[in-house]
Amino acid sequence: MTNLRNHLRTMARYHAWATRKLLDEHVAALPEADYRRDCGLFFKSVHGTLNHLLVGEHQLWFSRFALGISPSGIALDQEAEPDRALLAPRLLAAAQAWGPFIEALPEDRFSGAFNYTSSKGVPVTAPYAATLAHVFNHGTHHRGQITAALTMMGHACPELDLIYMLQAERRQQEQQQQ
């Protein structure tokens with residue numbers, strides 16, 4: 001089970017790292033027109049997709065996992081934060097909350113079932129660890145959409161691959177050892 005916890009720790013770190021890198025190094029520099037432009041994404045714009053990430057990962061999944069609450073009446077395309085300046089720090093805080101949550105879980109929790117109610121009111125039972133991994137996979141999926149939109153609009157393409165985070169962590173460890 002330790003390997004599973006370690007994997008989820010890595011995914012939580014990656015989730016926070018990739019979210020910060022995307023927001024700080026790429027989204028922050030976007031002109032407002034490009035930020036809100038309908039790029040044909042599932043949630044239309046960069047802003048719409050970032051709002052979906054806040055709704056899905058924090059208001060729905062984190063509430064389900066950390067609080068044991070399955071919120072109802074939340075639309076996946078809801079604009080949870082209309083203010084661009086406030087959305088980025090809320091997303092970063094939400095992404096950073098997963099690491100401490102995973103650390104606090106008892107080892108046997110990873111092998112259990114996860115029971116929750118879907119946003120449509122349907123009871124669901126799924127493997128706990130795989131459902132938790134879904135949260136990070138979901139973030140990767142939508143960051144990829146945003147990356148494609150940035151490229152399509154002629155902006156620099158973020159390099160958000162997991163291996164880049166691992167290499168950066170390794171460099172940081174080597175520097176600390178010197």
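In the stretch 44-60, what count of residues is obtained for those that are open to solvent by less than 30 Å² (accessible area, probe 1.4 Å) and either modelled with pLDDT under 95 or out of contact with any Lys or Arg (no Cβ under 7 Å at 6 or more places or on another chain) (or both)?
Step one: filter the stretch 44-60 for residues open to solvent by less than 30 Å² (accessible area, probe 1.4 Å), giving 45-57, 60.
Keeping just the survivors that are either modelled with pLDDT under 95 or out of contact with any Lys or Arg (no Cβ under 7 Å at 6 or more places or on another chain) (or both) gives 46, 48-53, 55-57, 60.
Qualifying residue count, the stretch 44-60: 11.
Would you point out the residue of the stretch 94-116, among those that are open to solvent by 60 Å² or more (accessible area, probe 1.4 Å) and free of Cβ contacts under 8 Å to residues at least 24 places away in the same chain, that is farthest from ALA12 (Cα to Cα)?
ASN115
Could you say whether any residue in the stretch 121-133 is under 18 Å from PRO71 (Cα atoms), open to solvent by 40 Å² or more (accessible area, probe 1.4 Å) and assigned to a loop (DSSP other than H, G, I, E, B)?
Taking every residue of the stretch 121-133 in turn, at least one turns out to be under 18 Å from PRO71 (Cα atoms), open to solvent by 40 Å² or more (accessible area, probe 1.4 Å) and assigned to a loop (DSSP other than H, G, I, E, B).
Suppose we keep only residues that are charged (D, E, K, R) and in contact with a helix residue (DSSP H, G or I) (Cβ under 7 Å, 6 or more places away or on another chain) within the stretch 54-88. Which one would you say is nearest to ALA129 (Cα to Cα)?
GLU57
With the structure loaded, tell me whether ARG170 is in a helix (DSSP H, G or I) and surrounded by 14 or more Cβ atoms within 10 Å (Cβ to Cβ) or whether it fails that test.
Numbers: in a helix (DSSP H, G or I): yes; surrounded by 14 or more Cβ atoms within 10 Å (Cβ to Cβ): no.
For ARG170, the condition - in a helix (DSSP H, G or I) and surrounded by 14 or more Cβ atoms within 10 Å (Cβ to Cβ) - is not met.
Failed condition for LEU162, given (1) touching a Pro at 6+ places or on another chain (Cβ under 9 Å); (2) within 28 Å of ARG36 (Cα to Cα); (3) touching a residue at least 60 places away in the same chain (Cβ under 8 Å); (4) open to solvent by 40 Å² or more (accessible area, probe 1.4 Å), with all others met?
Only one criterion in (1) touching a Pro at 6+ places or on another chain (Cβ under 9 Å); (2) within 28 Å of ARG36 (Cα to Cα); (3) touching a residue at least 60 places away in the same chain (Cβ under 8 Å); (4) open to solvent by 40 Å² or more (accessible area, probe 1.4 Å) is unmet by LEU162, namely (1).
The values are calculated or read from the model by the stated rules, or taken from the named source; none is laboratory data. Everything numeric in this text was worked out from a predicted model, so none of it was measured. In this analysis, Cβ positions are derived from the backbone assuming ideal geometry, glycine residues included, and neighbour counts consider all displayed protein chains. Calculation scope for accessible area: heavy atoms of the full protein, side chains included, ligands and nucleic acids excluded. Shrake-Rupley method; radii C 1.70, N 1.55, O 1.52, S 1.80 Å.
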